[in-house]
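One structure is given here, and the rest of the page talks about it.
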Amino acid sequence: MLVDAKGSILSLLLHDLTEYVVARGHPAYRGKQIADWLYKRRTASYEEMTDLPQTLRAQLAAEFHFPKANVVRVLGSKDTTQKFLFRLRDGNLIESVLIPASPALYGETSDRRTICVSSQVGCAYGCNFCASGLEGWTRNLDAGEIVQQLTGVEQVSGEKIDNVVFMGMGEPLANLENLKRALGIINGSWGLEIGARHITVSTSGLAPQIRELADDPTQFRLALSLHGATDEVRSQIMPVNRKYPLNVLLDACDYYVAKKRRMMFEYILIAGINDTDEQARALAKIAKRLYAKINLIPYNTVESLNWSRPSRSTQERFHSILREHGIISTLRREKGHDIAAACGQLRLQTKRAEQEAQVAPVG
Ligand code: SAH
Ligand code: SF4
């Protein structure tokens, strides 16, 4: 049972809600009723939960805050990709990206409306090509703040989301307890009811947590941000590789694949860094070992960083080497989606502009 009495109501699993109502002398079915109001009817306040007794509504209001999605900026258009900037209760900013149905975006889930969600404010892992890690880690999101990105974006956009990728700001496996709780709510038939095959968690490669997930009943897809197929190249761009070098990481992946299911690899192509034939061959070898599919993503330029994507012909050459080795891979082409992979940038821009203007955060 979640004991944080001042937490968000959107952080509770069905069994927490049921335990909560029973502990306060209400029948167990009241828990399911609350979940229905939150996730099926999408009510905006406790007062609207009209079939609950007044005493229970008052108890809920006293013990859990009812989060309101505070969307402070929306960028992009309905036909391409839209970015949503949220202001959290403590003033911190996070962003989510809504990606419309599109061919060949995330493999098998391409005909779906995808949301890319953040799992932390900032990121401690400091990959040196990424906007999210530029100013370090501030804090973990609670489960409600993760779930609220889905409900908030649906509310503002009017779209029904049916695919979720944890590829926004933060390292989801560094916030594992809240992540698992959020996944329970997103996936639960009593909750947002998005199928496990349509939820992808992306990690920079935290080996111990990958092992832990292999033993966990939670269902979803796992994507590994590889970005380098040798320690030399990977450590150059991802400091996490010094902590969990490839032999340690790939052993954990072997364990995951044996116990659970296959994973997908993400590989961003950065000019002159990880785009050589040698890297392509080494990558093919790793993919073969783990039966993994590869998503090649041309690097999106980040303001204030000097990295760039390789030419189209280099991208294609890299792709064809993987194909020659019998590896299933996709090379992302659509320009309209550039905005998505560079998650973290809108927050950074807004934060810096606010700091310059010395605007006090709104609570
Ligand atoms: N921390 C997790 C999830 C968030 S990042 C992870 O690293 O996997 C989601 C994906 O976006 C990662 O594969 C990351 O490497 C990639 N990414 C970050 N910055 C990017 C950029 N500028 N262009 C393209 N992909 C980027
Ligand atoms: Fe963090 Fe992922 Fe960005 Fe690396 S790529 S800094 S792990 S969000």
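Kyte-Doolittle cut-off 0.5, length cut-off 24 Å along the helix's own axis using Cα: show which whole DSSP H helices in the chain pass.
Correct list, ordered by number: empty.
Tell me the accessible surface of M167 in square angstrom (1.4 angstrom probe, heavy atoms of protein chains only), to the nearest ten.
Result for M167: roughly 40 Å² accessible.
Give me the percent of the accessible area of region 225-326 that comes from carbon and sulfur atoms, probe 1.4 Å, all protein chains in place.
Heavy-atom surface of region 225-326 belonging to carbon and sulfur, 1.4 Å probe: 49 percent.
Under the rule a/c < 1.5 gives rounded, and otherwise a/b versus b/c splits prolate from oblate, where does region 71-355 land using the Cα gyration tensor?
Judged from the Cα gyration tensor, region 71-355 comes out rounded (a/c under 1.5).
Any chance you could check the Cα centroid distance between region 265-291 and region 220-236 for me, in angstrom?
9 Å
Kindly report, to the nearest 10 Å², the accessible surface of K40 as traced by a 1.4 Å probe over protein heavy atoms only.
90 Å²
Given the rule -39500 (n - 2.57) for each run of at least 4 DSSP H residues, summed and divided by the residues of the chain, what is its mean residue ellipticity at 222 nm, to the nearest 500 deg cm²/dmol?
Taking each H run of at least 4 residues, the total per residue is -10500 deg cm²/dmol.
Please give the per residue accessible area of region 7-65, computed with a probe of 1.4 Å over protein heavy atoms only, in Å². Please report the intermediate quantities before stating the final value.
Details: 2590 Å² over 59 residues.
That works out to 44 Å² for each residue.
Can you list residues whose amide H is under 5 Å from T200's amide H, if they're 5+ apart or on another chain and H is modeled 1.01 Å from N?
V164, V165, F166, R221
Just the number, please: carbon plus sulfur as a percent of the accessible area of region 7-65, 1.4 Å probe, no ligands or DNA/RNA counted.
Numbers: 1510 of 2590 Å².
Carbon and sulfur together cover 59 percent of it.
Label R323 and K32 with points 7 Å out from Cα along Cα→Cβ: what is the distance between them in nm?
Result: 5.2 nm between the two label points.
So which lysines pass the test for K32, namely a Cα distance under 27 Å, with those fewer than 8 places away in the same chain ruled out?
List returned: K6, K40, K68, K160, K180.
Report the gain in length on full extension from K259 to K243: 0.36 nm times residue separation, minus Cα-Cα distance, nm rounded to one decimal.
My answer for the length gained is 3.4 nm.
State whether region 33-94 is rounded, prolate or oblate according to the following rule on the C-alpha gyration tensor (a ≥ b ≥ c being the square roots of its eigenvalues): a/c under 1.5 gives rounded; otherwise a/b larger than b/c gives prolate, and the remaining case gives oblate.
Here region 33-94 falls in the oblate category.
Restricting to DSSP loop positions (anything but H, G, I, E, B) with no more than 13 other Cβ atoms inside 10 Å of their own Cβ, which chymotrypsin sites (Phe, Trp or Tyr not before Pro) remain in region 217-318? Write down the numbers at each step before the final one.
Numbers: sites: F220, Y255, Y256, F265, Y267, Y291, Y299, W307, F318; in loops: F220, Y291, Y299, W307.
Sites meeting the loop and neighbour criteria: Y291.
Would you tell me the accessible area of F129, worked out with a 1.4 angstrom probe on the heavy atoms of the protein chains, in Å² to the nearest 10?
20 Å²
Report, ordered by chain and residue number, the aspartates and glutamates lying within cross-link reach of K288, taken as a straight Cα distance under 16 Å and ignoring same-chain residues fewer than 8 apart.
D251, D254, E266, E278, E324
Can you bin region 190-255 into rounded, prolate or oblate? Criterion: square roots of the alpha carbon gyration tensor eigenvalues sorted a ≥ b ≥ c, rounded for a/c under 1.5, prolate for a/b above b/c, oblate for the rest.
The shape class here is prolate.
Could you give the accessible area per residue of region 71-355, probe 1.4 Å, as a whole number in Å²?
The answer is 39 Å² per residue.
How much length is gained if the chain between D231 and N70 is pulled fully straight, taking 0.36 nm per residue apart and subtracting their Cα-Cα distance, in nm to one decimal?
53.8 nm
So if a site counts as exposed when it's one of the GluC sites (Glu not before Pro), its DSSP state isn't H, G, I, E or B, and it has at most 16 other Cβ atoms within 10 Å, what's the longest stretch of the chain without one?
Value returned for the longest uninterrupted segment is 194-302.
Calculate how many DSSP beta bridges within the chain are antiparallel, expressed in % of all such bridges and rounded to the nearest 5. Don't skip to the answer; put the middle values down first.
Values: 17 of 40 bridges.
Just about 45 percent of them are antiparallel.
The values are calculated or read from the model by the stated rules, or taken from the named source; none is laboratory data. Everything numeric in this text was worked out from a predicted model, so none of it was measured. Glycine also receives a Cβ, built like all others from the backbone with ideal geometry; neighbour counts cover every protein chain displayed. Ligands, DNA and RNA are stripped out before the accessible areas are found, and what is left, the full protein with its side chains, is counted by its heavy atoms. Shrake-Rupley method; radii C 1.70, N 1.55, O 1.52, S 1.80 Å.
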